[in-house]
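Only one structure is covered here, and it is reproduced in the block below.
The values are calculated or read from the model by the stated rules, or taken from the named source; none is laboratory data. Predicted, not measured: the structure shown is a model, and the values here were computed from it. Methodologically, a virtual Cβ is constructed for each residue, glycine included, from the backbone with ideal geometry; neighbour enumeration extends over all protein chains shown. Just so you know, the surface numbers come from the protein's heavy atoms only, side chains and all, with ligands and any DNA or RNA stripped out. Shrake-Rupley method; radii C 1.70, N 1.55, O 1.52, S 1.80 Å.
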Amino acid sequence: MSEFRQMIPDDFKGNPFTMIGSDCMLVCAGKKDGSVNAMTAAWGGMGVMWGKNVAYVVIRPQRFTKEFVDESDSLSLSFFAKGNERMMGYMGSVSGRDEDKISKMGLTVLKDGETPYFEQAQTVLICKKLYAQDMKADCFIDHEPDKKWYPAKDYHTLYIAEIEKILVK
């Protein structure tokens, strides 16, 4: 396996539209007891907020990974090469409440300080949480997304996190 090297954000050439929207991304966080969980995500973004390079992701309340993200001060976004669709489908459809899906998929957890990420990833963003807010129906200006994506009214929590490190192979 190739080792990661750290890259400064100004040199990063990743396209957030493909990295998040169509490639393979896992959101990962750990609890204080050392346990780790992750989930597939395809909604989020990257940009600048409050003078910081940030990533944002959204997580529904019923997702087990949300407990880990809520308990931790940090999270990672691990991006995988094409060809990992089976693993990504599994990580997005099976709950870590029910089994050790990380081990079952053969993923190796590495840590940057207290922040877990995956050895098999091609690119990793190590992020410090800055902000979290539950989405609400009355905040939608365009109500089509509310109707289409939230029939059960299980609104995501939005997390904005400062990108502290970018690790690439």
Within region 75-120, of all residues that are hydroxyl-bearing (Ser, Thr, Tyr) and either within 17 Å of Gly30 (Cα to Cα) or touching a His at 6+ places or on another chain (Cβ under 6 Å) (or both), the one most open to solvent (accessible area, probe 1.4 Å) is Ser103
Per the filter on region 46-73, residues in contact (Cβ under 8 Å) with a residue 40 or more places away in the chain, closer than 14 Å to Ser35 by Cα and out of contact with any Gly (no Cβ under 7 Å at 6 or more places or on another chain) are Lys66, Val69, Asp70, Glu71
Given the conditions (1) of a type in the set (Ser, Thr, Tyr); (2) over 18 Å from Gln122 (Cα atoms); (3) in contact with a Cys (Cβ under 8 Å, 6 or more places away or on another chain); (4) assigned to a strand (DSSP E or B), every one holds for Tyr56 apart from (3)
By residue number, the members of region 18-43 that are closer than 18 Å to Phe64 by Cβ, open to solvent by 50 Å² or more (accessible area, probe 1.4 Å) and outside any loop (DSSP other than H, G, I, E, B) are none
Of (1) of a type in the set (Ser, Thr, Tyr); (2) part of a loop (DSSP other than H, G, I, E, B); (3) in contact with a Phe, Trp or Tyr (Cβ under 6 Å, 6 or more places away or on another chain); (4) buried (at least 16 other Cβ atoms within 10 Å of the Cβ), Tyr155 satisfies every one except (3)
Among (1) closer than 18 Å to Glu164 by Cα; (2) assigned to a strand (DSSP E or B), Val69 falls short only on (2)
In the set Ser35, Ser78, the lone residue that is modelled with pLDDT of 95 or more, under 15 Å from the mean Cα position of the chain (by Cα) and hydroxyl-bearing (Ser, Thr, Tyr) is Ser78
Scanning region 121-148 residue by residue, those open to solvent by 60 Å² or more (accessible area, probe 1.4 Å) and farther than 16 Å from Val69 by Cα turn out to be Gln122, Met135, Lys136, Asp138, Cys139, Ile141, Asp142, His143, Glu144, Lys147, Lys148
